[in-house]
């Protein structure tokens, strides 16, 4: 069994980071709806599951690797959207290529 990319996020980490607890660079508040409880956790433990995209039997985590690349390219458009409320300052090529691919995968 491989350990690389074991925990795979279905909520992108860059989005989860927007919910950091005040004065923390690693903790977010979590609400466990079925058990009606709240607690703090790190990004490594929330918004994903073990082998969500790529089963443990697969030697190469292809889908997780692809999503990691997409999130990397979409980082700037995503930050612009959150900080300015618009993507108007990005070039059309950048919006179309990186932003659209990212939005379509989440």
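The values are calculated or read from the model by the stated rules, or taken from the named source; none is laboratory data. As the structure is a computational prediction, the values presented were derived from the model and not from experiment. Reconstructed Cβ throughout: ideal geometry from the backbone, glycine too, with neighbour counts over all protein chains shown.
Need at least 2 residues that are under 20 Å from residue 72 (Cβ atoms) and under 12 Å from the mean Cα position of the chain (by Cα) per element, so show me which strands (runs of 3 or more DSSP E) inside region 1-54 make the cut, counting only ones lying wholly within it.
Per the criteria, 7-9.
Looking for whichever is at pLDDT below 75 and in contact with a helix residue (DSSP H, G or I) (Cβ under 6 Å, 6 or more places away or on another chain) here; the options are 105, 89. Which one fits?
Exactly one of 105, 89 is at pLDDT below 75 and in contact with a helix residue (DSSP H, G or I) (Cβ under 6 Å, 6 or more places away or on another chain), namely 105.
Condition check ((1) at pLDDT below 75; (2) surrounded by 14 or more Cβ atoms within 10 Å (Cβ to Cβ)) across all residues:
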site	(1), (2)
27	no, yes
39	no, no
43	no, yes
49	no, no
54	yes, yes
60	yes, no
64	yes, yes
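Of the conditions (1) surrounded by 14 or more Cβ atoms within 10 Å (Cβ to Cβ); (2) in contact (Cβ under 8 Å) with a residue 60 or more places away in the chain; (3) over 21 Å from residue 65 (Cβ atoms), residue 18 clears all except one; give me its number.
Just one mismatch for residue 18, condition (1).
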